[in-house]
Number of protein chains: 2
Amino acid sequence: MRPLILVTNDDGIAAPGIANLVEVAKEFGDVVVVAPDSPQSAQGHSITIENHLRLYAVDMFDGVDAYECSGTPVDCVKLGKFVLFKDRKIDLCVSGINHGSNASTNVIYSGTMSAATEAAMEGVNSIGFSLENFSMDADFTATKHYARKIIAHALEHGMGDANLLNVNVPNVPLEEIKGVKICRQAKGFWAEEFLEAKDPQGRPYYWLTGRFEYLDKGEDNDIWALKNNYVSIVPVMYDLTHHSAIDSIKGLETL
Amino acid sequence: MRPLILVTNDDGIAAPGIANLVEVAKEFGDVVVVAPDSPQSAQGHSITIENHLRLYAVDMFDGVDAYECSGTPVDCVKLGKFVLFKDRKIDLCVSGINHGSNASTNVIYSGTMSAATEAAMEGVNSIGFSLENFSMDADFTATKHYARKIIAHALEHGMGDANLLNVNVPNVPLEEIKGVKICRQAKGFWAEEFLEAKDPQGRPYYWLTGRFEYLDKGEDNDIWALKNNYVSIVPVMYDLTHHSAIDSIKGLETL
């Protein structure tokens, strides 16, 4: 039996990025798409608990079963795992190709990476792919080239001690990419500058806007890799324990 | 000047949990509340980018400035930091008291903990408090007792090498609590069992429902602590790199 590959994203089922990822995934296995019916960027690990979910079959990808879901990217993975494939093992989950980088702390906000994280938490090896270009007209040639190699390697050899990878591809032509770097997540955060305005009734409102503060001088992090035309791969984990800080707060046990 | 303490949550500004946390925080500093105007449980690190945000002053807490926000818990923290307090340092962020446990991998779904994480990413020491009881009528006496001690300690002595704590309190009377345990995040995941039904038009819909699978045999994790009537404190980090897996996937650099 061919491997079963679940494909999802956060830009929505109609985004070019997921169509490109489906094309690659089809080369390796039985592909099933479960993706949001609308854009769900920056939804993080949000799940839908106050509302019901819809899951409808759609015919959008040649020869591939596909479903659009009314919920978040993480909802899509849960429906794939626990409704569509209760009785069949999913061999790999791939998420993306995201329109825009998910390097550094963007992994935390990203619906694309959170969907991949959810699959990993459920025991499915999982890879998120992102291209450092927000445009709907982005050229995915280089990303497809590396996605093909990484998926082939993961299906054939596994993913070492990792079960979740965050892959980001620089926005340059394939021939300018120097190769792959295994990285740690760069240190950084969003310094927000809210746009403030008034509505027609004179009431204030705010739009989130910001600039990313890159705080990392290292050459072993994902933003450095992208700036230097490497594909970055960060192995990601969902044990959020700050293990090395445990001893430093043991004093709280005497409270 | 008294310390400035930002209070938020994910159950919404009208939830009893946040009123209880405000009462404790007021003992230690100038308190400002920025909390969602509606329940936002399980919103994870979601932020609002497709819509504007509202932020309105409300008079709900005696002698405390408070604002309700139309967005997610993380939006609340961003508005607090970058709109309300552009020019004043926030000394501590406290989030909660959450109605329900955020132990184990629930930290990843939790809006309460994601708000605390956002504050930590922006350089503010931050603590999320949760009580292992979902009821709106829960008794917060024990949680307030420990929140008071933990906040006092954090303001006076800092938080060691940590800047973000996940505090969970067992649902038992104060006198049955045996003390505090510094823990790691327990291993576990939600095995979902979607409720499937049909709407009046005969179309299927799904409701997320599940049971938590606790996969951890250790006695140093937060679920063990709660089951044994200890308050659990897990130091949390937002570097998601699986550092110990980096060497095991170095082979991908030759792709």
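Among all residue pairs at least 6 apart or on different chains, which show Cβ distances below 7 Å where the first residue, located in segment A:177-200, is more than 8 Å from every other protein chain (Cβ to nearest Cβ) and over 30 Å from B:Ser248 (Cα atoms) and the second is assigned to a loop (DSSP other than H, G, I, E, B) and not small (Gly, Ala, Ser)?
A:Leu195/A:Thr209
Tell me yes or no: at least one residue of segment B:225-232 is among the small types (Gly, Ala, Ser) and more than 8 Å from every other protein chain (Cβ to nearest Cβ).
yes
Determine the pairs where a residue that is within 25 Å of A:Ile108 (Cα to Cα) and at the interface with another protein chain (Cβ under 10 Å from one of its Cβ atoms), located within segment A:56-78, has a partner that is aliphatic (A, V, I, L, M) and in a loop (DSSP other than H, G, I, E, B) with Cβ atoms under 6 Å apart, the partner being 6 or more residues away or on another chain.
Correct list of pairs: A:Val74/A:Ile47; A:Asp75/A:Ile47.
Which residue out of A:Ser126, A:Ser104, A:Ser114, A:Ser95 is facing another protein chain (nearest Cβ under 9 Å), buried (at least 24 other Cβ atoms within 10 Å of the Cβ) and hydroxyl-bearing (Ser, Thr, Tyr)? If you could, list the steps in order and put the result at the bottom.
Values: A:Ser126 fails: facing another protein chain (nearest Cβ under 9 Å); A:Ser104 fails: facing another protein chain (nearest Cβ under 9 Å); A:Ser95 fails: facing another protein chain (nearest Cβ under 9 Å).
It is A:Ser114.
Quick check on A:Ile90: is it surrounded by 19 or more Cβ atoms within 10 Å (Cβ to Cβ) and under 16 Å from the mean Cα position of the chain (by Cα)?
Taking the combined requirement at face value, the residue does not satisfy it.
Take segment B:207-224 and flag every residue that is part of a helix (DSSP H, G or I) and either away from every other protein chain (no Cβ under 11 Å) or surrounded by fewer than 21 Cβ atoms within 10 Å (Cβ to Cβ) (or both). Break it down stepwise before answering.
We begin by selecting, within segment B:207-224, every residue part of a helix (DSSP H, G or I); these are B:222-224.
Within segment B:207-224, B:Ile223, B:Trp224 qualify.
Determine, yes or no, whether B:Asp137 is closer than 19 Å to B:Pro16 by Cα and among the charged types (D, E, K, R).
On the way: closer than 19 Å to B:Pro16 by Cα: yes; among the charged types (D, E, K, R): yes.
For B:Asp137, the condition - closer than 19 Å to B:Pro16 by Cα and among the charged types (D, E, K, R) - is met.
Among the residues of segment B:141-160, is any in a loop (DSSP other than H, G, I, E, B), under 20 Å from B:Ser104 (Cβ atoms) and touching a residue at least 40 places away in the same chain (Cβ under 8 Å)?
Taking segment B:141-160 and keeping what is in a loop (DSSP other than H, G, I, E, B), we get B:158-160.
Remaining after also requiring under 20 Å from B:Ser104 (Cβ atoms): none.
No, there is no match, as no residue in segment B:141-160 is in a loop (DSSP other than H, G, I, E, B), under 20 Å from B:Ser104 (Cβ atoms) and touching a residue at least 40 places away in the same chain (Cβ under 8 Å).
Does segment B:64-75 hold any residues that are hydrophobic (A, V, I, L, M, F, W, C) and either more than 14 Å from B:Asn51 (Cα to Cα) or at pLDDT below 95 (or both), and which are they? Before the answer, list the steps.
We begin by selecting, within segment B:64-75, every residue hydrophobic (A, V, I, L, M, F, W, C); these are B:64, B:66, B:69, B:74.
Once the filter is applied, which keeps residues that are hydrophobic (A, V, I, L, M, F, W, C) and either more than 14 Å from B:Asn51 (Cα to Cα) or at pLDDT below 95 (or both), segment B:64-75 yields B:Val64, B:Ala66, B:Val74.
Say we look at segment B:72-122 and pick out the residues that are in a helix (DSSP H, G or I) and of a type in the set (Gly, Ala, Ser); which of these is farthest from B:His45 (Cα to Cα)? It would help to see each step written out before you state the result.
Pass one, segment B:72-122, residues in a helix (DSSP H, G or I): B:73-84, B:106-109, B:111-121.
Applying the additional criterion that residues be of a type in the set (Gly, Ala, Ser) yields B:80, B:111, B:114-116, B:119-120.
On the way: B:Gly80: 16, B:Gly111: 7, B:Ser114: 5, B:Ala115: 7, B:Ala116: 10, B:Ala119: 12, B:Ala120: 13 Å.
Taking the candidates together, the pick is B:Gly80.
Give the residue that is surrounded by the most Cβ atoms within 10 Å (Cβ to Cβ), with candidates limited to residues of segment B:1-55 that are within 13 Å of the chain's Cα centre (by Cα) and hydroxyl-bearing (Ser, Thr, Tyr).
Only one residue tops the list, namely B:Thr8.
Using the structure shown, decide if A:Ser130 is free of Cβ contacts under 8 Å to residues at least 40 places away in the same chain and in contact with a Cys (Cβ under 6 Å, 6 or more places away or on another chain).
Details: free of Cβ contacts under 8 Å to residues at least 40 places away in the same chain: yes; in contact with a Cys (Cβ under 6 Å, 6 or more places away or on another chain): no.
No.
I'm trying to understand the selection: among the residues of segment B:202-245, which are under 23 Å from B:Leu164 (Cβ atoms), among the aliphatic types (A, V, I, L, M) and without any contact (Cβ under 8 Å) to a residue 40 or more places away in the chain?
B:Leu240, B:Ala245
The values are calculated or read from the model by the stated rules, or taken from the named source; none is laboratory data. Keep in mind the model is a prediction, meaning the values are calculated, not measured. Note that we place each Cβ from the backbone using ideal geometry, even for glycine, and neighbour counts take in every protein chain shown.
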